[in-house]
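Structure, as structure tokens:
Bear in mind that the values in this text are calculations on the coordinates, not laboratory data. Computed from a prediction, not measured in an experiment: that's the story for all the values here. Every residue, glycine among them, receives a Cβ derived from its backbone with ideal geometry; neighbour counts consider all protein chains shown.
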Amino acid sequence: MDGARMWHVSEPLGVIHSDLCPFSADIISTVEFNYSGELLATGDKGGRVVIFQHEQESKNRPHLRGEYNVYSTFQSHEPEFDYLKSLEIEEKINKIRWLPQQNAAHFLLSTNDKTIKLWKISERDKRAEGYNLKDEDGRLRDPFRITSLRVPVLMPMDLMVEASPRRIFANAHTYHINSISVNSDHETYLSADDLRINLWHLEITDRSFNIVDIKPANMEELTEVITAAECHPHQCNVFVYSSSKGTIRLCDMRAAALCDRHSKFFEEPEDPSSRSFFSEIISSISDVKFSHSGRYMMTRDYLSVKVWDLNMENRPVETYQVHEYLRSKLCSLYENDCIFDKFECCWNGSDSAIMTGSYNNFFRMFDRNTRRDITLEASRESSKPRATLKPRKVSTGGKRKKDEISVDSLDFNKKILHTAWHPKDNVIAVAATNNLYIFQDKIN
Amino acid sequence: MIMKGQKRKHPPEDVEVSDPSSPTWESQRQFVFSVSLNKYQRGQELPEPSLRRSVLIANTLRQVSHEACRVPSVDMEVPQPLCSSSSELQESTFTGVEAKHHSAVMLSNSHSALVSCPVVSLNNLSNCATSRSPATCHLSASNVPLSVKDEDEDWGSMSTDSDFSLSAAISSILTALDSTIDGSPQAAPRTPLRSLENLSGPSDGGVAWGKQAVRGNGGSWEQQEELRVPESSVEVMRSSYLSEVTVEDLFQDIDTSLLERDMGVLGLRGSGGGYQAGDDLLRYLQPFSSSFPPSNPFSLSLNHNLKCLPSFSSFCPLSSSSSSSPAFLSPNLVREGLELEHLMEILVES
């Protein structure tokens, strides 16, 4: 990042989730800003959704943007038991996606492995008082005591934020849902599991269209699964889905009802010199995101982030190495299962920078214009309020400089899988296991 | 680098070796192979294996075995610790099993035969890999000396067979995954018994087994449209097997020591051993272990495996003993031999 921009911890606490929430700290499984950036939603392993709201700038601290405080908390999904298959369905929230705001209320979609729910989050700050038939505490008034009629008056009350489930989209996925994406028409959305993608209408819960089905007739022939899917931000007929083999398929829903045949196929030819037993596993794409402009898309595989031009299928236009020093450790990472970790990635509002997570609570940001990158750490120790984050470095050579950390000292239990970037400002949210960090850049 | 609570193993050099001719390549390949098998099995024991993970591990297994076939001139005598002994074990048991099953494979071209035989070997390999006992390795190597000797000569043919059968095995794993996923009556990867199941209590036995397994394992996957497929494959298995293979042929071909280990795998699969015929078979198979040399560490490990399985250990007299002395085994041998005859009749009749 350029020198003028330095990242620091948002007031009052960088660490929010686990400290302010009265519930037990649970592992955060998804983070998402809404379209305006005013609200930040997190989902966790316990099926809860916590929404933070951006407070207005305070007058006595004008050099900082406002803080993010808890706005609403609700239990989105409960654990379920599938009696037919003798299985428990996890309540963990896999993804949250906001709908564009159309009225005073906010709507979001949250999903676990099997069921998608549409939640309405609305505010109530007024209460009607002066009912004729009942008292203020709700008891019915004695009819004989009513001698005159009055019109109830709206009185202000303490702000109450209510979340209510408006739609439940269930029983459409045999396999585990890994992605949901709201379409630009604001009427439909898609949901993807390991082998199928369904298209829903937000108003209709009892059926959905299956638009992609890669399940082979003979499961013996299964060698590839769907890992992520997203709708194009502007073209409501276009969507992409990524696979475990490192390929991305772009599909046009106008071409056919069933989009098994792609319109574009993105794959980078393998470099034969770097081939290993784990080549396929590390090529598996864990996240795909369109740029805000709709001209590019970004994919995250185990070791790198790639930016693709939608007009060029044979290779990405940019490749950023996230933690190349892990390439020589793939054997151990395979053994301890870290190689299967699914990292997400995100664009900033202007598509000039991208961000993704790594191990040891490190996360990386790449500036596409200057080609500079920075590694930062999200931890309590290094994130005192108003502190400026210090760039971190992993030493790859034999000699370890001061302040560098060696590869073998990295903590592979501390992984940053979920990050989000404010759609307009330079505010980022980073989920480190059960802690949420919000950072913003210093305005000089 | 190692997660808390995990036992530290000795991985080969971490430097990624892409050149097959380098000495560390083979050890790394074997390491990846054994780890992959281990992972796959442990994943399958979970009530809900992740499909993405299973597919990636299966693809890695396929690739690793393919790489092995690409480099046939493997030096089996490489003096490295566990890796080489396990590799020798794998190759020798693999080819040993292959030799024994070759006739079975030739006899029937049915899908099930191709599936069952290699899966036997795959399960054997997995058991060997997971047991990680040098004694076990040695035994099995000595158990099939002929195949080891022949191994160099036959490597050319074996390699293609092994590649083909291993990928068939992996395919069968995925089928099994599908069956547990879809809740179909198709049998899970306990396919080593599949040939015997078809003969003993044909579709009923096989289907019942599959159903029980499914109930135990389950999967989050739907079952409706998938029921058609397994029924037809059961049909195929039944028809071709019964017409072309006799029970005696099969029993002669099968190396029961390896099958016994597979019974251990079966028990682990979590269906609780509710299959009656399976228990009978285990009793029937037990006497064969007594034919091994007395100081047989393998039967120790076998008994240990059996002890871990509550369902089987309650049935098997041998499992309750921790010694494997020949004096203990031989009195049972006669008794078991008689039971064996009795069982053979039952199986042939049905």
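Could you give the size of the charge dipole of the stretch A:176-225 about its Cα centre, using +1 on the Cβ of each K and R and -1 on the Cβ of each D and E, expressed in debye and rounded to the nearest 20?
60 debye
Determine the dipole magnitude for the stretch A:274-332: charges of +1 sit on the beta-carbon of Lys and Arg, -1 on that of Asp and Glu, nothing else is charged, the reference point is the Cα centre, and the result goes in debye to the nearest 20.
So the magnitude is around 100 debye.
Check A:SER304: other-chain or 5+ apart residues with amide H under 5 Å from its amide H, H built from backbone geometry?
Here A:VAL322 satisfy the definition.
Given the C-alpha centroids of the stretch A:206-254 and the stretch A:95-159, what is the distance between them in whole angstrom?
Cα centres, the stretch A:206-254 to the stretch A:95-159: 40 Å.
Which residue, chosen from A:HIS176, A:SER72, A:ILE438, occupies the Cα position most advanced towards the positive end of the dipole of chain A, where the dipole is computed from +1 (Lys, Arg) and -1 (Asp, Glu) charges on Cβ about the Cα centre?
Towards the positive end, the residue furthest out is A:ILE438.
GluC sites (Glu not before Pro), restricted to the stretch A:213-310: which are DSSP loop and have at most 13 other Cβ atoms within 10 Å?
Here the sparse-neighbourhood loop sites are A:GLU270.
Among A:LEU190, A:ILE204, A:MET298, flag the residue with its Cα farthest along the positive direction of the charge dipole of the stretch A:184-304, charges on Cβ as +1 for Lys/Arg and -1 for Asp/Glu.
Of the listed residues, the answer is A:MET298.
Within the stretch A:113-205, report the GluC sites (Glu not before Pro) that DSSP leaves as loop and that have at most 14 other Cβ atoms within 10 Å.
Within the stretch A:113-205, the qualifying GluC sites (Glu not before Pro) (loop, at most 14 other Cβ atoms within 10 Å) are A:GLU136, A:GLU187, A:GLU203.
Looking at the square roots a ≥ b ≥ c of the eigenvalues of the Cα gyration tensor of chain A, which shape do they give, rounded for a/c under 1.5, prolate if a/b is larger than b/c, or oblate?
Oblate, since a/c reaches 1.5 and b/c is not below a/b.
Taking neighbour Cβ counts within 10 Å as the exposure measure, how do A:SER110, A:SER406 sort from fewest upward?
The fewest-first ordering by Cβ neighbours comes to A:SER406, A:SER110.
Taking neighbour counts of Cβ atoms within 10 Å as a proxy for exposure, in what order, fewest first, do A:LYS401, A:LYS306 appear?
Lowest count first: A:LYS401, A:LYS306.
As an exercise, identify the trypsin sites (Lys or Arg not before Pro) in the stretch A:157-251 lying in DSSP coil whose Cβ has no more than 15 other Cβ atoms within 10 Å.
In loop regions of the stretch A:157-251 (DSSP not H, G, I, E or B), the sparsely surrounded trypsin sites (Lys or Arg not before Pro) are A:ARG207.
Can you work out the FRET efficiency for the pair A:GLU88 and A:LYS120, with r the C-beta to C-beta distance and R0 = 30 Å, to the nearest 0.05?
0.60
Which residues' amide hydrogens lie under 5 Å from the amide hydrogen of A:TRP98, considering only partners 5 or more residues apart or on another chain, with H built in the peptide plane?
Long-range HN contacts for A:TRP98: A:LEU109.
List the extent of the Cα atoms of the stretch A:140-223 along each of their three principal axes, largest first, rounded to whole Å.
80, 27, 21
Under a point spin-label approximation (7 Å from Cα along Cα-to-Cβ), what is the A:ASN434-A:VAL151 distance to one decimal in nm?
Output for this residue pair reads 5.3 nm.
For B:HIS342, A:HIS106, A:HIS54, which order do you get if you count the other beta carbons within 10 Å of each Cβ and list the fewest first?
B:HIS342, A:HIS54, A:HIS106
Determine how many Å³ per residue the convex hull of the Cα atoms of the stretch A:329-417 encloses.
That works out to 130 Å³ per residue.
Residue by residue through the stretch B:341-348, what is 3J(HN,Hα) from phi via Karplus (6.51 cos²θ - 1.76 cosθ + 1.60, θ = phi - 60°)? Round to whole Hz and write x for glycine and proline.
4, 4, 5, 4, 4, 4, 5, 5
Which cross-chain or sequence-distant (5 or more) residues have an amide H under 5 Å from the amide H of A:ASN210, H modelled 1.01 Å from N in plane?
It is A:LEU199, by chain and number.
What spacing in nm lies between the two simple spin-label points modelled at A:SER273 and A:ASP373, each 7 Å away from Cα in the Cβ direction?
Distance between the two pseudo-spin positions: 1.8 nm.
Separation between the A:ARG315 and A:LYS399 pseudo-spin-labels, each 7 Å from Cα along Cα→Cβ, expressed in nm?
My value for the distance between the label points is 3.4 nm.
With charges set only on the Cβ (+1 for Lys and Arg, -1 for Asp and Glu), what does the dipole of chain A come to about its Cα centre, in debye to the nearest 20?
Value, rounded to 20: 1100 debye.
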